[in-house]
Amino acid sequence: MRPRQFDLIAFDWDGTLFDSTALIVRCIQAAVADVGGTVPSDQAASYVIGLGLTQALAHAAPDVPPQKYDQLGKRYKHHYLQHQHDIALFDGVLPMLADLKTRHHWLTVATGKSRRGLDEALQSVELKGVFDGSRTADETAGKPSPLMLHQLMAEFGVEPERTLMIGDTTHDLQMAAYAGCASVGVSYGAHEPDAFHALRPLHIAHSVRELHDWLSGNA
């Protein structure tokens with residue numbers, strides 16, 4: 001049995017499946033402070049979530065000179081690693097993924113995280129064998145470039161019209177648009193959903209339960 005509409009579903013990670021937005025914001029702010037930059041507001045720091053790390057930090061700290069980017073990245077990783085085990089999957093994510101697996105979708109991850117960071121997260125027992133593939137910003141190109149989705153579609157031989165991208169930022173939805181794919185936005189992550197409408201997602205879910213219900217009826 002094949003899925004009704006989408007063979008391949010690509011999920012963003014932070015803020016979509018993983019409840020990590022607040023931690024990432026704090027780590028960005030702490031890293032900028034460490035290198036002497038102007039600490040970004042919560043809104044400015046959350047806007048860059050989903051981008052590749054260097055791109056995100058440069059955008060969040062425009063007064064930090066490029067020669068300090070390496071130090072800035074190291075300070076971010078230092079703060080994140082201290083607290084990475086304080087965060088977890090959103091409630092309801094595992095049942096949703098299990099349900100999608102029974103319906104024979106290919107489940108993948110397209111994330112701004114590094115390959116090392118994603119692989120560490122996927123080592124948890126509860127996630128072993130759940131995802132069929134993944135791409136990270138440091139091995140392809142950062143969002144909103146469509147390269148991650150192009151590579152995932154090529155890997156599984158799936159056309160854009162049979163691919164769905166799910167994410168919590170405009171970067172995710174713009175990536176889907178560039179790749180010719182449909183998208184769904186979630187409002188419980190990093191970006192305010194008012195910005196999603198211009199990118200024409202099929203749906204905006206306000207909880208994991210609502211996302212699960214929409215996917216059950218429409219994916």
Quiz item: Taking the range 36-63, which residues are of a type outside the set (D, E, K, R) and farther than 25 Å from residue 115 by Cβ?
Solution: 36, 37, 38, 39, 40, 41, 43, 44, 62
Quiz prompt | Within the range 125-139, considering residues that are without any contact (Cβ under 8 Å) to a residue 40 or more places away in the chain and out of contact with any strand residue (DSSP E or B) (no Cβ under 9 Å at 6 or more places or on another chain), the one farthest from residue 178 (Cα to Cα) | solution = 125
Quiz item: Taking the condition touching a residue at least 40 places away in the same chain (Cβ under 8 Å), touching a helix residue (DSSP H, G or I) at 6+ places or on another chain (Cβ under 8 Å) and over 18 Å from residue 49 (Cβ atoms), does residue 163 pass?
Solution: yes
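To keep it simple, each residue is scored yes or no on (1) among the hydrophobic types (A, V, I, L, M, F, W, C); (2) outside the structural domain of residue 25 (by TED's automatic domain parsing); (3) touching a helix residue (DSSP H, G or I) at 6+ places or on another chain (Cβ under 6 Å).
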| residue | (1), (2), (3) |
| --- | --- |
| 173 | yes, yes, yes |
| 178 | no, yes, no |
| 184 | yes, yes, no |
| 193 | no, yes, no |
| 198 | yes, yes, no |
| 201 | no, yes, yes |
| 206 | no, yes, no |
| 210 | no, yes, no |
| 214 | yes, yes, no |
Quiz item: Within the range 82-104, is even one residue crowded, with 18+ Cβ neighbours inside 10 Å and among the small types (Gly, Ala, Ser)?
Solution: no
Quiz item: Taking interchain pairs and intrachain pairs at least six residues apart, which have beta carbon atoms under 7 angstrom, with the first residue in the range 61-80 and without any contact (Cβ under 8 Å) to a residue 60 or more places away in the chain and the second part of a helix (DSSP H, G or I) and of a type in the set (Gly, Ala, Ser)?
Solution: 69/58; 72/31; 75/31; 76/31; 79/30; 79/31
Quiz item: Can we say residue 9 is farther than 24 Å from residue 218 by Cβ, buried (at least 17 other Cβ atoms within 10 Å of the Cβ) and within 18 Å of the chain's Cα centre (by Cα)?
Solution: no
Quiz item: Taking the range 131-168 only, how many residues are β-branched (Val, Ile, Thr) and under 14 Å from residue 113 (Cα atoms)?
Solution: 2
Quiz item: Going by the conditions given, is residue 39 surrounded by fewer than 23 Cβ atoms within 10 Å (Cβ to Cβ), hydrophobic (A, V, I, L, M, F, W, C) and at pLDDT 90 or above?
Solution: yes
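Would you check which residues across the range 146-169 are of a type in the set (Ser, Thr, Tyr) and either farther than 27 Å from residue 206 by Cα or out of contact with any Phe, Trp or Tyr (no Cβ under 7 Å at 6 or more places or on another chain) (or both) and list them?
The answer is 169, and nothing else.
The values are calculated or read from the model by the stated rules, or taken from the named source; none is laboratory data. Just so we're clear, the structure is a prediction, and the values are computed from it rather than from any experiment. Neighbour counts are summed over all protein chains in view; Cβ atoms, including those assigned to glycine, are modelled from backbone coordinates with ideal geometry.
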